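Just below is one structure, and these are the notes that go with it.
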Amino acid sequence: MTMSGSSRGVSPPARIAIVVKGYPRLSETFIAQEILGLEQRGLALAIWSLRHPTERISHPMHRQIAAPVTYLPEYLYQEPLRVLRGALTALANPRLGKLIVAFWRDLKRDFTPSRGRRLGQALVMARELPADIRHLHVHYLHTPASVVRYASLLRGLSFSFSAHAKDIWTTPDWEKREKIADSTWGVTCTETGHSHLAALAPDDGRVHLVYHGLDLSRFPVPPAERPARDGSDAADPVRIISVGRAVAKKGYDDLLSALAALPEGLHWRFAHVGSGDMLASLKRQAAARGIADKVIFLGAKAQPDVINLMREADIFVLPAKEAKSGDRDGLPNVVMEAASQGLAVIATDFSGIPEFIRHDREGWLTPPGNWEALANALNLLARDPEARHRLGTAAFNRLRDDFSADGGIDQVAALLRRSLGERPAEVPVAEEEARP
């Protein structure tokens, strides 16, 4: 009896390891969207995470993703045998010298326990990566990229990166420059981020601008119409919502100051969705400003619940700004999710936000950190349901026409196929084509 070709040692398709800081995470739906989209385009993936999940809730997309997940030791002392096996295997690796040189240079400039932890995680990853992994792609250019860079040196694999927000603005330039130089390519999701990273790259084509966009097939169509609330009815107040982690760069301290400054005759309610270190502090600030009875903090919510809240709201607000640490947002997905429901958006003219929202066209933009301007915008839009309808409709149209997720995922898929040695179609270069 003869054996078919499929059963006689035919090699499985080459896989790509997608490396993330934590998985799954509700605040990183753009990563889940990309992973799912890459799988739907036929790429074989494996997910490697530096941390275990900390949230009980996951996004529906996470349940659709087929890629297996491997968790590296979050703290080395928790899994000493895995770390020891990784170190012993590395001792017999002829590439170890390259890793030691790179790590020692990094350690001299960043003498921290975190640096040693990234080395330990890289030793484990290099030992445990299956033979069919041919390329590494890492989300975030700070600590996850350190692990991937070290592991790639040991395994002799190419790696690429996707840079987003905090990792761009809080990582030292020397570290970004060397990681970009060692990578085969990278992508980032805003023009400001792209300009910054391209200036650190060794050549013009190393870093690409790729917007996350949004897959509108995952969202209901916007409501046909919304109630014409104008803040005059105490029984039917204007509903304001924001979605985001309670951290400094989201500007929620400015938002509470703005809400407290709204005229007494204007009736409104505000709901915040998200977890974060500053949540308890924000609740105290709301009480101190005398608006606790109008403000509710709902904590983290599943995506369907968030969309339902957006559909019931009148205004979405996100007053993003630069934190004292230098951390900042890119183009927050939640702004596009609000637009997917035709919701009027008030945000700040900061970072990647104005690349999507143009002032008085798809929303209203105010200067970052300026709570007086934010209060004025809230007051005017709360009283004007026709303006809210105009802005919300325009934001949805811009999202549909110019920020589809498919184009960005197609770009990343083409770049990944090229890294696997396949011959994809011409890779679109978004940075050479200005958006309208």
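Quick look at the numbers
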read-out: Entries in 250/301; 301/321; 249/283; 108/250; 108/166 that, when Cα-Cα distance is taken, lie over 28 Å; value: 108/250
read-out: For 48, 185, 104, order by how many other beta-carbon atoms lie within 10 Å, fewest first; value: 104, 185, 48
read-out: 0 to 90° range, to nearest 10: angle between helix 80-91 axis and the chain longest Cα axis; value: 50
read-out: Residue among 44, 338, 102 with the largest mean-square fluctuation in a Gaussian network model of the chain, springs linking Cα atoms under 10 Å; value: 102
read-out: Alpha-carbon Debye profile of segment 217-402, log10 I(q)/I(0) at 0.10, 0.20 Å⁻¹; value: -0.34, -1.58
read-out: Distance between modelled label sites at residue 104 and residue 420, nm, 7 Å Cα→Cβ extension; value: 3.8
read-out: Kirkwood hydrodynamic radius over Cα pairs of the chain, then Stokes diffusion coefficient at 4 °C and 1.567 mPa s, in µm²/s; value: 56
read-out: Among 345, 210, 247: highest mean-square fluctuation, GNM of the chain, C-alpha pairs under 10 Å; value: 247
read-out: Cβ-derived FRET efficiency at R0 56 Å, residue 235 paired with residue 131, nearest 0.05; value: 0.25
read-out: Normalised contact order of segment 282-405, rounded percent, pairs of Cα under 8 Å and 6 or more residues apart; value: 24
read-out: Gained length - residue 327 relative to residue 63, 0.36 nm times residue gap less alpha-carbon distance; value: 92.0 nm
read-out: Additional length obtainable on full extension of the chain from residue 204 to residue 51, 0.36 nm per residue less Cα span; value: 51.7 nm
read-out: More than 18 angstrom apart: percent of Cα pairs within segment 157-314; value: 69
read-out: Calculated FRET efficiency for the pair residue 224/residue 308, C-beta based, R₀ 22 Å, to 0.05; value: 0.90
read-out: The chain, dipole about Cα centre (Lys/Arg Cβ +1, Asp/Glu Cβ -1), debye to the nearest 20; value: 1820
read-out: Sorted by Cβ density within 10 Å, fewest first, the residues 166, 294; value: 294, 166
read-out: Residue with peak Gaussian network fluctuation, the chain [Cα springs, cutoff 10 Å], from 174, 268, 364; value: 174
read-out: Length-normalised contact order for the chain - Cα pairs under 8 Å, 6+ apart - percent; value: 14
read-out: Fully extended contour minus Cα-Cα distance, from residue 288 to residue 386, at 0.36 nm per residue; value: 31.9 nm
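Just so you know, all these numbers are worked out from the coordinates, no wet-lab data involved. Keep in mind the model is a prediction, meaning the values are calculated, not measured. Virtual Cβ from ideal backbone geometry, glycine too; neighbours counted across all protein chains shown.
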